[in-house]
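Reading through the structure tokens given below for one structure.
The values are calculated or read from the model by the stated rules, or taken from the named source; none is laboratory data. Quantities reported herein were computed from a predicted structural model and do not represent experimental measurements. No Cβ is skipped: glycine too gets one built from the backbone with ideal geometry, and neighbour counts run over all protein chains shown. These area figures cover heavy atoms from the full protein model, side chains too; ligands, DNA and RNA do not enter into them. Shrake-Rupley method; radii C 1.70, N 1.55, O 1.52, S 1.80 Å.
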Amino acid sequence: MQKLINTPEDFVEEMLQGVLLAHPGELRRLDGLPAVVRADAPVSGKVAIATGGGSGHLPLFMGYVGAGLADGAAIGNVFSSPSASQMLAVIKAVHAGRGVLLLYGNYGGDVMNFGLAAELAEDDGIEVATVLATDDIASAPKGEEARRRGIAGICFLYKVAGAAAEEGHELARVKAITERAAQRLRSFGVALAPCVIPAVGHANFDLPAGEMEIGMGIHGEPGVRRGPLETADEITEHLVSALLDDLEHEPGDEFDVLVNGLGSTPSEELYLVFRRLAHLLDEHGLAVRRAFVGEYATSLEMAGMSISLLRTDDELARMIDAPARSPLLSRL
């Protein structure tokens, strides 16, 4: 293991300290907990958006805390769920009287801990609703979407939920708009090399040189196919074909597209992927409305990328285009 760390035990805490020092006045820590909220939280007059998840995925999750996005995030250890007490602290800190939407990925530990936090918050009189990101088509077959993991596509959901809240909608309406976006969202990825979890000290999976794994999860969960490394165009064609097969669409539909790097894939390679992706959508009579290319949800230094397609409509397009700001993101 060759990493810029001090000790594995201090990795998350020292990372969090660095983020807060780098962005003074934009994020605020909660009572020494591994949890952050907007500096101006709670924001009166709107539904609050709360999220969280394991470390190792920056700019996910706390990178999406900011105006027009989430109001707070609980931060777990590397690839581990935050505790229910952390999430409850975030819910209470961001609640401004109009309820709180919990938005996070569909992982067992997160579902359990966030569910408990929601129950405790409701016992304290806070109205809570939940939307799960389930965009990874590799993790369950079509027809079983509720079992799927949440991966990089959740970035679109933060944008939609945050904008809906900023428009002043009630909690039920914010949830409904975000759920519609989730239903029109699909992601699929490929891994080219593993990452090393600091506390473990070695690669979290074995992938020999010259091989790739289609559909591997962002924590190293098994994918759907392993084989010799293909060209960028071949990989893109496979991913896009599977995404379009899974997502209902018709000629003339517009998509917001995310080509997401997993941690150590150069931007040049991501743009190679987007080039072929744009051509493929055009060949199907589909249009790219907006493109996002870069690192939006990583897996430490894992090599590889994922493609996310959001089939937009007028309302969702307005939400994606609404103003937003986060100190950890350069383009939203």
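Among the residues of the range 314-325, is any open to solvent by less than 40 Å² (accessible area, probe 1.4 Å) and part of a strand (DSSP E or B)?
Pass one, the range 314-325, residues open to solvent by less than 40 Å² (accessible area, probe 1.4 Å): 315-317, 319-320, 322, 324.
Filter once more, so that each one left must be part of a strand (DSSP E or B): none.
Within the range 314-325, not a single residue is open to solvent by less than 40 Å² (accessible area, probe 1.4 Å) and part of a strand (DSSP E or B).
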Exactly one condition in (1) more than 14 Å from the chain's Cα centre (by Cα); (2) of a type outside the set (Phe, Trp, Tyr); (3) modelled with pLDDT of 95 or more is false for residue 31; which is it?
(3)
Out of 68, 56, 63, which single residue is in contact with a strand residue (DSSP E or B) (Cβ under 8 Å, 6 or more places away or on another chain), surrounded by 15 or more Cβ atoms within 10 Å (Cβ to Cβ) and of a type outside the set (D, E, K, R)?
56
Within the group 18, 97, 45, which residue is out of contact with any helix residue (DSSP H, G or I) (no Cβ under 9 Å at 6 or more places or on another chain), in a helix (DSSP H, G or I) and open to solvent by 10 Å² or more (accessible area, probe 1.4 Å)?
18
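For a quick check of your reading: which strands (runs of 3 or more DSSP E) sit entirely within the range 157-249 and have at least 1 residues that are in contact with a Phe, Trp or Tyr (Cβ under 7 Å, 6 or more places away or on another chain)?
Those strands (runs of 3 or more DSSP E) span 185-193.
State the number of residues belonging to the range 3-14 that are surrounded by fewer than 19 Cβ atoms within 10 Å (Cβ to Cβ) and either under 23 Å from the mean Cα position of the chain (by Cα) or part of a loop (DSSP other than H, G, I, E, B) (or both). Can you show your working first?
Narrowing the range 3-14 to residues surrounded by fewer than 19 Cβ atoms within 10 Å (Cβ to Cβ): 3-10, 13-14.
Imposing the further condition that a residue be either under 23 Å from the mean Cα position of the chain (by Cα) or part of a loop (DSSP other than H, G, I, E, B) (or both) reduces the set to 3-7, 13-14.
So the count comes out to 7.
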Contacts under 6 angstrom Cβ, first residue in the range 207-227 being at negative phi, partner open to solvent by 50 Å² or more (accessible area, probe 1.4 Å) and not in a loop (DSSP other than H, G, I, E, B), 6 or more apart:
212/192; 213/226; 214/225
Are any residues in the range 115-150 within 18 Å of residue 162 (Cβ to Cβ) and not acidic (Asp, Glu), and if so, which ones?
128, 129, 130, 131, 132, 133, 150
Any residue that is without any contact (Cβ under 8 Å) to a residue 60 or more places away in the chain, exposed (fewer than 15 other Cβ atoms within 10 Å of the Cβ) and either of a type in the set (Phe, Trp, Tyr) or on the phi > 0 side of the Ramachandran plot (or both) - is there at least one of those in the range 244-252?
yes
Looking at this structure, is residue 104 closer than 18 Å to residue 69 by Cβ and in a helix (DSSP H, G or I)?
no
Taking only pairs six or more apart or across chains, which ones have beta-carbon atoms under 7 Å, a first residue in the range 282-297 that is aromatic (Phe, Trp, Tyr), and a second residue that is open to solvent by 40 Å² or more (accessible area, probe 1.4 Å)?
292/331
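Can residue 82 be described as open to solvent by less than 40 Å² (accessible area, probe 1.4 Å) and either within 23 Å of residue 329 (Cα to Cα) or in contact (Cβ under 8 Å) with a residue 12 or more places away in the chain (or both)?
Values: open to solvent by less than 40 Å² (accessible area, probe 1.4 Å): yes; either within 23 Å of residue 329 (Cα to Cα) or in contact (Cβ under 8 Å) with a residue 12 or more places away in the chain (or both): yes.
So residue 82 passes the test.
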Per the filter on the range 274-298, residues open to solvent by 40 Å² or more (accessible area, probe 1.4 Å) and under 22 Å from the mean Cα position of the chain (by Cα) are 274, 288, 289, 290, 295
Counting only residues in the range 60-85 that are in a strand (DSSP E or B) and under 13 Å from the mean Cα position of the chain (by Cα), the one farthest from residue 323 (Cα to Cα) is identified as 73
Pairs only if they're at least six apart or on different chains, beta carbon under 8 angstrom, first in the range 154-178 and at negative phi, second assigned to a helix (DSSP H, G or I) and open to solvent by 10 Å² or more (accessible area, probe 1.4 Å); list them, first residue then second.
157/182; 163/318; 164/173; 177/315
Test residue 190 against the criterion of being surrounded by 15 or more Cβ atoms within 10 Å (Cβ to Cβ), closer than 24 Å to residue 332 by Cα and either free of Cβ contacts under 8 Å to residues at least 40 places away in the same chain or small (Gly, Ala, Ser) (or both), and give yes or no.
no
